[in-house]
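Accompanying notes for the structure given below.
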Amino acid sequence: MTDEGFFYDLVLSDDQKSITNVLAYQERPGQSLRAVMWSDTAHRWIYAPAIVADVLYDDSDPMTTQPADRATAERAASAALQAQLPAESALIALCEEGERMGWRYGPPGP
């Protein structure tokens, strides 16, 4: 992974038969997690590292995720979310904005 590269995970439904979300994130040694996910409520991609961290790492309420490459994540976003996965440059811009604004659970409001 390059400094600007992202990992992608697909969030699966409880029965593991459908995709409920797509996560794009950067794990950077010595720095906080950068993460973007689809918001069903806002109908857009949001910077929400606290939510993504819970999905990926909280063993008390585990969610099933499946690692994916960029092409698979793009197809999943289109098919399951009816949304286009932003280009990595746009993901970086979302992360930078979220970090500047201090958002951990996405932007405030709808």
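The values are calculated or read from the model by the stated rules, or taken from the named source; none is laboratory data. Since the model is a prediction, treat every value here as computed from it, not as a measurement. Every residue, glycine as well, gets a Cβ built from its backbone with ideal geometry; the counts of neighbours run over all protein chains shown.
For region 14-34, a residue qualifies if it is small (G, A, S), surrounded by 13 or more Cβ atoms within 10 Å (Cβ to Cβ) and at pLDDT below 95, and exactly one does: S32. Of the residues screened, M63 is not one that is assigned to a strand (DSSP E or B), surrounded by 13 or more Cβ atoms within 10 Å (Cβ to Cβ) and either of a type in the set (A, V, I, L, M, F, W, C) or touching a Lys or Arg at 6+ places or on another chain (Cβ under 6 Å) (or both). Name the pairs whose Cβ atoms lie under 6 Å apart, with the first residue in region 76-99 and within 13 Å of L23 (Cβ to Cβ), the second outside any helix (DSSP H, G or I) and of a type in the set (V, I, T), and 6 or more positions between them or separate chains? Pairs that qualify, where the first residue is within 13 Å of L23 (Cβ to Cβ) and the partner is outside any helix (DSSP H, G or I) and of a type in the set (V, I, T), are A76/I19; A76/V22; A77/V22; A80/I19; L91/V36; L94/V36. Of everything listed in (1) among the hydrophobic types (A, V, I, L, M, F, W, C); (2) assigned to a loop (DSSP other than H, G, I, E, B); (3) at pLDDT 95 or above, the single unmet condition for A42 is (3). Filtering region 35-60 to residues that are crowded, with 21+ Cβ neighbours inside 10 Å, small (G, A, S) and touching a Pro at 6+ places or on another chain (Cβ under 7 Å) leaves only A35. One residue stands out among those in region 1-13 that are farther than 19 Å from S89 by Cα and of a type in the set (A, V, I, L, M, F, W, C): the one that is surrounded by the fewest Cβ atoms within 10 Å (Cβ to Cβ), which is L12.
If you go through region 76-106 and keep only what is in a helix (DSSP H, G or I) and surrounded by fewer than 16 Cβ atoms within 10 Å (Cβ to Cβ), you end up with S78, A79, E88, S89, A90, A93, E96, E97, E99, R100, M101.
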